[in-house]
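A quick write-up on the structure given underneath.
The values are calculated or read from the model by the stated rules, or taken from the named source; none is laboratory data. The structure displayed is predicted, hence computed values, not measured ones. Methodologically, a virtual Cβ is constructed for each residue, glycine included, from the backbone with ideal geometry; neighbour enumeration extends over all protein chains shown. Note: accessible area is taken over every heavy atom of the protein model, side chains too, but ligands, DNA and RNA are not part of it. Shrake-Rupley method; radii C 1.70, N 1.55, O 1.52, S 1.80 Å.
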Amino acid sequence: MKIIHTSNKGIYGLVVQVLQRHSLQIGRLGKFDFPAGFYAYVGSAQNNLQHRIKRHLQQEKKVRWHIDYLLQYGRVISVHTYAGEKKKECILSHKIERMKEASVPVKGFGSSDCSCNAHLYYFQHMPAMSRLKI
């Protein structure tokens, strides 16, 4: 998977495919069911965007963020990057939340440092992330 982004900082969206249902403990958030399907996750990196994305793509890594728990059972199938400061992470998250079929599987997932419902959204079918602009 080729990732093209010229800035050292920015916003990113991952589309993760999960092939079968899993019940997962997500840090201190609790245990939740994740049905098979597609998950759109929003994050930001204000220091080294390329490194952050490469880390998410690695199979072997220390569990550090909420998304790391899900990535143990899913596969990143697309990465979308956007220029911008951290506050645009929430703008992208709200746009995904308003997409048809989007639902929040775990309130607070990936959004412990903001007031968003979550930064992870579930879709039964592949979401059209490439259409989103921030």
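When you go through Tyr12, Tyr39, Tyr82 one by one, which is the residue that is in contact with a Pro (Cβ under 9 Å, 6 or more places away or on another chain) and crowded, with 20+ Cβ neighbours inside 10 Å?
Tyr39
Looking only at the range 104-134, count how many residues are over 13 Å from Phe34 (Cβ atoms) and not in a loop (DSSP other than H, G, I, E, B).
Qualifying residue count for the region: 3.
Are any residues in the range 52-63 open to solvent by 20 Å² or more (accessible area, probe 1.4 Å) and not in a loop (DSSP other than H, G, I, E, B), and if so, which ones?
Passing the criteria: Arg52, Lys54, Arg55, Leu57.
On the basis of being more than 11 Å from Val16 (Cα to Cα), among the aliphatic types (A, V, I, L, M) and surrounded by fewer than 19 Cβ atoms within 10 Å (Cβ to Cβ), does Ala118 make the cut?
Taking the combined requirement at face value, the residue does not satisfy it.
Out of all the residues in the range 87-107, is one or more modelled with pLDDT under 95, surrounded by fewer than 16 Cβ atoms within 10 Å (Cβ to Cβ) and within 15 Å of the chain's Cα centre (by Cα)?
Scanning the range 87-107, I find no residue that is modelled with pLDDT under 95, surrounded by fewer than 16 Cβ atoms within 10 Å (Cβ to Cβ) and within 15 Å of the chain's Cα centre (by Cα), so the answer is no.
Would you be able to say whether some residue in the range 76-86 is under 15 Å from Ile11 (Cβ atoms), of a type in the set (Gly, Ala, Ser) and assigned to a helix (DSSP H, G or I)?
The answer is no, given that none of the residues of the range 76-86 is under 15 Å from Ile11 (Cβ atoms), of a type in the set (Gly, Ala, Ser) and assigned to a helix (DSSP H, G or I).
Starting from residues that are of a type in the set (A, V, I, L, M, F, W, C) and under 16 Å from Val76 (Cα atoms), keep the ones in the range 121-134 and report whichever is most open to solvent (accessible area, probe 1.4 Å).
Ranking the qualifying residues of the range 121-134, first place goes to Met126.
State yes or no: is Leu49 surrounded by 14 or more Cβ atoms within 10 Å (Cβ to Cβ) and at pLDDT below 95?
It is true that Leu49 is surrounded by 14 or more Cβ atoms within 10 Å (Cβ to Cβ) and at pLDDT below 95.
Restricting attention to the range 108-118, report how many residues are under 16 Å from Ile11 (Cβ atoms), over 12 Å from the mean Cα position of the chain (by Cα) and among the hydroxyl-bearing types (Ser, Thr, Tyr).
Count: 0.
Can you name every residue in the range 64-79 that is loosely packed, with under 14 Cβ neighbours inside 10 Å and not hydrophobic (A, V, I, L, M, F, W, C)?
Result: Arg64, Gln72, Arg75.
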